[in-house]
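Participant: Shown below is the structure under consideration.
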């Protein structure tokens with residue numbers, strides 16, 4: 001079973017400015033309503049420690065593996081709930097330079113595994129709302 005959710009927002013700032021704010025992980029607890037903390041090395045193959053707290057849902061801490069870290073463009077990781085194959089999520093943050101002083105910030109996640117159908121409503125509502133709230137706060141931060 002698989003499922004994908006995706007959000008995007010146009011930010012009135014360069015990809016470099018958006019990336020600077022987005023990758024300042026030490027400040028996440030101050031502004032990020034969805035990812036409360038993110039620590040670890042962003043090098044491909046390394047593991048992060050991420051604390052997610054979707055709105056109106058139970059938070060979780062997990063240790064995804066970095067798949068891509070391309071400055072000013074993309075961060076992508078793969079996380080698992082308990083063991084691979086039960087509930088896996090490939091989370092992607094992408095910055096698109098619109099060539100006009102703005103950046104489109106895309107946040108998406110592809111979920112796979114036998115437990116995905118059990119979490120469908122939570123993903124459609126809570127996780128999607130978490131993505132949107134984070135996108136909006138990042139926009140406000142980068143535009144200020």
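Every read-out reported here was derived from the displayed coordinates using simple, explicitly stated rules and does not represent laboratory data. Small disclaimer: the values here were computed from a predicted structure and weren't measured. FYI the Cβ positions are ideal-geometry reconstructions off the backbone, even for glycines, and counts take in every protein chain you see.
Participant: How do 97, 124 rank when sorted from fewest to most other Cβ atoms within 10 Å of their own Cβ?
Facilitator: Working: 97 15, 124 12.
Taking fewest neighbouring Cβ atoms as first place, the list is 124, 97.
Participant: Once both labels are modelled 7 Å past Cα along the beta-carbon direction, what's the residue 136-residue 62 spacing in nm?
Facilitator: Placing both labels 7 Å beyond Cα along the Cβ direction yields 2.5 nm.
Participant: If I take every Cα pair under 8 Å that is 6 or more residues apart in the chain, average their sequence separation and divide by the length, what percent do I get for the relative contact order?
Facilitator: Here the relative contact order equals 33 percent.
Participant: Beta carbons within 10 angstrom, averaged per residue: use that to sort the peptides 62-68, 7-13, highest first. The partial results should precede the final answer.
Facilitator: On the way: 62-68: 15.7, 7-13: 17.3.
Going from most to least packed, we get 7-13, 62-68.
Participant: Have a look at 78, 115, 123 and tell me which one the Gaussian network model of the chain (Cα, springs below 10 Å) gives the largest fluctuation.
Facilitator: So, out of 78, 115, 123, the one fluctuating most is 115.
Participant: What would the Debye equation give as log₁₀ I(q)/I(0) for segment 2-143 at q = 0.08 Å⁻¹, counting only Cα atoms as equal point scatterers?
Facilitator: -0.20
Participant: What list do you get for 19, 77 if you sort them by fewest beta carbons within 10 Å?
Facilitator: Details: 19 22, 77 25.
Final ranking by Cβ density, sparse to dense: 19, 77.
Participant: If you don't mind, there's one more thing I want to ask. Order of 53, 140 from fewest to most other C-beta atoms within 10 Å?
Facilitator: On the way: 53 17, 140 12.
Fewest to most other Cβ atoms nearby, the residues stand as 140, 53.
Participant: For the pair residue 124 and residue 47, what calculated FRET efficiency results from E = 1/(1 + (r/R0)^6), where r is the Cβ-Cβ distance and R0 = 25 Å, to the nearest 0.05?
Facilitator: Once rounded, the FRET efficiency stands at 0.35.
Participant: Just 111, 131, 25 to compare: in a GNM of the chain, with alpha carbon springs under 10 Å, which one fluctuates most?
Facilitator: Of 111, 131, 25, the most mobile in the Gaussian network model is 25.
Participant: Between residue 39 and residue 27, what is the label-to-label distance in nm when each label sits 7 Å out along the Cα-to-Cβ direction?
Facilitator: So the two model labels end up 2.0 nm from each other.
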